1. What average count of beta carbons from other chains do you get within 10 Å of the Cβ of residues in B:228-237?
2. Just the number, please: percent antiparallel of the DSSP beta bridges in chain A, rounded to the nearest 5.
3. Could you pull the copy-to-copy label distances for A:S301, with points set 7 Å along Cα to Cβ, in nm to one decimal and sorted shortest first?
4. With just the Cα atoms defining each centre, how far is the stretch B:71-124 from the stretch B:147-172? Give it in Å.
5. Using 7 Å Cα-to-Cβ label points, what is the A:I197/A:R13 separation (nm, one decimal)?
6. Largest first, please: the extent of the C-alpha atoms of the stretch B:37-190 along each principal axis, to the nearest Å.
7. For the Cα atoms of chain A, what angle does the longest principal axis make with the long axis of helix A:3-13, in degrees from 0 to 90, nearest 10?
8. Suppose we keep just the DSSP beta bridges with both residues in the protein assembly as shown; what percent of those would be antiparallel, to 5?
Protein chains: 2
Amino acid sequence: MTVGDAGLGSDRRDRIVLAHGGGGELTSRLIANHVLPLLKNDRLGPLTDSAILPWAGGNVVFTTDSYVVTPLEFPGGDIGRLAVCGTVNDLSVMGAAPIAISLGLILEEGLPLGVLDRIVASIAAAAREAGVEVVTGDTKVIERRGGDGLFINTAGVGRLMEGPRLDLGRVESGDAILVNGNLADHGLTIMSVRSDIRFDSELRSDAAPLNGLIGQLLKSGADVKFLRDATRGGVAGVLADISERSGLSIEIREADIPITRTARNAAEMLGLDPITVANEGKCVCVVAAKDASTALAVLRSHPLGKAAAVIGRVTSAKPPLVELNTRAGGQRIVQRPYGEELPRIC
Amino acid sequence: MTVGDAGLGSDRRDRIVLAHGGGGELTSRLIANHVLPLLKNDRLGPLTDSAILPWAGGNVVFTTDSYVVTPLEFPGGDIGRLAVCGTVNDLSVMGAAPIAISLGLILEEGLPLGVLDRIVASIAAAAREAGVEVVTGDTKVIERRGGDGLFINTAGVGRLMEGPRLDLGRVESGDAILVNGNLADHGLTIMSVRSDIRFDSELRSDAAPLNGLIGQLLKSGADVKFLRDATRGGVAGVLADISERSGLSIEIREADIPITRTARNAAEMLGLDPITVANEGKCVCVVAAKDASTALAVLRSHPLGKAAAVIGRVTSAKPPLVELNTRAGGQRIVQRPYGEELPRIC
C-alpha cells in the first residue's frame, strides 16, 4: 500500500459508506458511536424499533416533517435544529405539549462523520431546549449524489392540552392578528448564504422551539382562536390559508410588521417580499379583539416574543382576500406564493 | 414557440418541478390532486400540520422508518407498500395495535406524476389492508439527481395492547424460535430485479402488514416473549441481536427453515445466505417451549403464516452465539451481516 492509498483509506474511514446503511454490524456501530451517545434516554436506549410512551391521558397529537435544507449548516442553526424546532412548533400550534420525537436520517455516501456528529449534537441541544426526547429513529444510506449529504425526517407526538379551543371555525371579523417577532430571518439567511451575498450586519436563522412561548399564551386566559407557524410560504401563506378556509378577509399594515433593517435590506437586494419568506421560530396568532393587548403582553414577556406585534385584523370584506396597507398609503392583495423564491429552504 | 418546445412543456407538466416543494400554491395543488384524494380521512382532511388522535387509554407506542428502496416498484410491491407495512410491523412486534401513520414524501424534481399517483394508491391500499389511517404528512422536493425519484418516511403511533409482556429479559434457555413463513423473498426480489437476473419462476416481495397475524398470536394465550420483524440483516441479524442482548445462545436447523425452491436457487445464484436477506412480512417469534405448538398452529391458521415453522431454540451454551446445524450435518456460526449484500433494499 502506498502512502497515497493510506491517506485515501483514512479519509474514507471518516465518511459514510453504503454499508453503514445495510442494517448489519456497521450500521450498529454507526448508531452506537455517532447517534446514540448524545441522544440517549430511557426510551431510546433499548434500541427496539419503536418506543413505548407512558400515557397518563389526553388526546394524542401527531405530526411529521422532512428537512432537505441546503446548506446543512448556516448562521443561527443547521438542519438538525430546524427539524427539532419544526416538529415541536407543529405540535405547539395545535395546542399540544410536545412529548417525544422520532428521528429518521437519510445519509449520503461520502458524508463526513464529523458533520453528522455536529448535527446530532445540535439535535440533542435543540431537544433539551424544547424539553422533548428523541425516542425512536432509523438510519438509511443512499449513494453519493450531489453531495448534499443528509435529509432528516422528524415526527412528533404531543399531548393535547386544556385551554382555548384552537379552531379556524371560531375566527370572526374583528379578531386580531399577531406575530411573535421579526419576520423572514430564516429564509433570508439561507438565501444569502447560498447566493453568497454578504450583508453588512449578520443575518441569522430564527429557528427556535416555540412550545414555551405558546404554552404561556394558551394559559394566559386570552381567547386564542388559531395558531400557525409561518414556515414555507411565510406569513403570506398562512394568512392566505386562513382567509381561504374561513371565508373571511384579513387586513394587515406594512408599518406594523416587525422586521429588522438588515432583513429589509436583504429582502430588497434579493428582490423578495419578506412576508412570503420562511420563518422557523415565528407564529401567526389569531386572538379575540378584546384580548389582543393581553396576548401581546404575554408574547412580549417571553424571550422569543420580545418583538411581537399586532399586524392586522380579520374583516368581513367580500370577496375574502388578504390586503396589505403599504407604508406609502397604498393597498395590495397578498397572495400565497406560487412556488417559492428558492427551493430547499427547510 | 416551436413544436419541440410545446412537447417539452407538456412533458414537464406531468413531472415534479422544484416549485412543487415551495409550500405555495403549487404545493397545495400537488397535495390536493395527487396525495389527498386516495388518502382522505377525517383526521387528514383539515390539512393542519398535525393530527389529533382521540385516545381512550393505553400507552402510546411510537416508531419511524425511512424508505430508499430502488427500484421504486418491484414484483409484489413498491416503496409505498413497503413503508406502510414496515411501520405497521414495527408497531405490531412491540405488542401495539397500529392506530395512525404519518407520511413524509421527498420527491425528486422530474419524478413523473404518474409514478407518484401509483405509489400513493399503493399506500392507501396497504393502509386499508392494515386497518390504519394516514393522518398527517409533509412533502418536499429536491433537485434532480440520480433519477431515483422518491424517498418516503413513515412514522407510526400505536396503542399498547394487553397480553404477554414482550421483553428480551424474559427469554430463557429452551424457548422456541419460530418464523411465520418463507424467508428472503423481499431481498432476493429486489436484487434479482436490479441485477436483471430472471429466474424461471417468479420471485415476489413478501411485503405485508403483520398486525392481524401478530394480534392473533398475542391473544392465543401462548407465552410469547419477544417478537421482531426480520428486515435488513434478515433472520440472522435478529437472532444475533437476541443472542447478544440476552447473553444466551440460539441453535437453528437449516432443514427447518422455510424457504421456497425458487428463493433457494436465486440465493445460490446470487451467492447469498438466505437467512441474512431482508424480509418485509416475516417475524421472528420467541415463545415458551410448552407453547411452541400452540403458537405454530395459530400462525399457520392465518393467511400470512401458512408456511410458519419452528426453526430452532434458545440454549444456555457459552459463549452466547447463534449456531446453524446444516443439512449436511455440519455446524456453523451465524453472524450479523457486516454491511449488506446490496444497499437500498428497503
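Each value in this text was obtained by applying a stated rule to the coordinates, not by laboratory testing. It should be emphasised that the depicted structure is a prediction, and the values quoted were computed from it without experimental measurement. Because the Cβ atoms are built from the backbone with ideal geometry, glycine has one as well, and the counts that use them run over all protein chains shown.
1. Details: counts 2, 1, 0, 2, 6, 6, 2, 0, 1, 6.
Mean shielding count: 3.
2. Values: 43 of 56 bridges.
Antiparallel: roughly 75 percent of the beta bridges in chain A.
3. 6.2
4. 15 Å
5. For the pair A:I197/A:R13, the computed spacing is 4.6 nm.
6. Here the spans come out as 54, 40, 24 Å, largest first.
7. Approximately 50 degrees, to the nearest 10.
8. Numbers: 94 of 120 bridges.
Antiparallel bridges make up about 80 percent of those DSSP assigns within the protein assembly as shown.
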